[in-house]
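The values are calculated or read from the model by the stated rules, or taken from the named source; none is laboratory data. As the structure is a prediction and not an experimental result, all values here were calculated from the model. Please note: Cβ atoms are built from the backbone with ideal geometry, for glycine as well, and neighbour counts cover all protein chains shown. We work out accessible area using only protein heavy atoms, side chains counted, and drop any ligands, DNA or RNA first. Shrake-Rupley method; radii C 1.70, N 1.55, O 1.52, S 1.80 Å.
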Amino acid sequence: MTNQHTCCGMQEFRRALKAHGLKATSQRITVHEAMMNLGHACADDVCRYLGDCKDRITVASVYNILAGLAECGIYRSRLSSNNKMYFDVDPAPHIHLYDKVNHSYMDVTDDEFLSEIREHFRHRRFKGYKVSDVEVQIVCHPTRRK
């Protein structure tokens, strides 16, 4: 298991924005820098992380930036069991461990398992549907009280 965030650095992020016709605004850069450190976060988490940064950004603005980046495929989004949208700085396919008590995500690296699941569903047919992707989320809870 790993909690490292293998996402694009600032140069790659700027190129990805440009490729989607988006400007590298100071707010987008600030949010991306926060997400590089957080990895998985909701808009509230990003705002808490930023605190009283020089570039005051509202929760609504942060959410709109995150949602826009997810819509473009630069980030990915996940709806947690507490009905909050969480964003993942790493858009590459990977497995998530989801803590349903603390509403947090951790990346799990198991490429072999992910490949097996993908291969299994590559041959499955669902009437009226075509499988475009497989996402794996393992739901857990802490075994010890903090």
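Selection of first residues in region 71-83 that are touching a residue at least 12 places away in the same chain (Cβ under 8 Å) and of second residues that are in a loop (DSSP other than H, G, I, E, B) and of a type in the set (Asp, Glu), restricted to Cβ pairs under 8 Å at least 6 apart or on distinct chains, gives the following pairs, ordered by first then second residue: 76/90. Residue count for region 84-94 satisfying the condition of being assigned to a loop (DSSP other than H, G, I, E, B) and out of contact with any helix residue (DSSP H, G or I) (no Cβ under 8 Å at 6 or more places or on another chain): 3.
Residues of region 120-135 being at pLDDT 90 or above and of a type in the set (A, V, I, L, M, F, W, C), which ones? Residue satisfying the conditions is 126 alone. When the residues of region 30-42 are filtered to those that are open to solvent by 10 Å² or more (accessible area, probe 1.4 Å) and of a type outside the set (Asp, Glu), the one that is farthest from the chain's Cα centre (by Cα) is 30.
Can you tell me which residue among 139, 108, 62, 134 is closer than 24 Å to residue 15 by Cα and either free of Cβ contacts under 8 Å to residues at least 60 places away in the same chain or of a type in the set (A, V, I, L, M) (or both)? It would help to see each step written out before you state the result.
Numbers: 139 fails: closer than 24 Å to residue 15 by Cα; 108 fails: closer than 24 Å to residue 15 by Cα; 134 fails: closer than 24 Å to residue 15 by Cα.
That would be 62, the only listed residue that is closer than 24 Å to residue 15 by Cα and either free of Cβ contacts under 8 Å to residues at least 60 places away in the same chain or of a type in the set (A, V, I, L, M) (or both).
Given the structure, is residue 75 under 28 Å from residue 116 (Cβ atoms) and either of a type in the set (A, V, I, L, M) or touching a helix residue (DSSP H, G or I) at 6+ places or on another chain (Cβ under 9 Å) (or both)? Don't jump to the end; show me each part of the working.
Values: under 28 Å from residue 116 (Cβ atoms): yes; either of a type in the set (A, V, I, L, M) or touching a helix residue (DSSP H, G or I) at 6+ places or on another chain (Cβ under 9 Å) (or both): yes.
Judged against the criteria, residue 75 is a match.
Scanning region 10-29 for residues that are open to solvent by less than 60 Å² (accessible area, probe 1.4 Å), part of a loop (DSSP other than H, G, I, E, B) and closer than 16 Å to residue 70 by Cβ turns up just one, 22. For residue 89, the conditions (1) open to solvent by less than 60 Å² (accessible area, probe 1.4 Å); (2) without any contact (Cβ under 8 Å) to a residue 40 or more places away in the chain all hold with the exception of (2).
Residue 51 fulfils the conditions (1) free of Cβ contacts under 8 Å to residues at least 12 places away in the same chain; (2) open to solvent by 60 Å² or more (accessible area, probe 1.4 Å); (3) over 16 Å from the mean Cα position of the chain (by Cα) except for a single criterion, (2).
Residue by residue, here is whether (1) surrounded by 15 or more Cβ atoms within 10 Å (Cβ to Cβ); (2) assigned to a loop (DSSP other than H, G, I, E, B); (3) charged (D, E, K, R) holds:
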| position | (1), (2), (3) |
| --- | --- |
| 46 | yes, no, no |
| 57 | yes, yes, no |
| 62 | yes, no, no |
| 74 | yes, yes, no |
| 82 | no, yes, no |
| 96 | yes, no, no |
| 101 | no, yes, no |
| 114 | yes, no, no |
| 118 | no, no, yes |
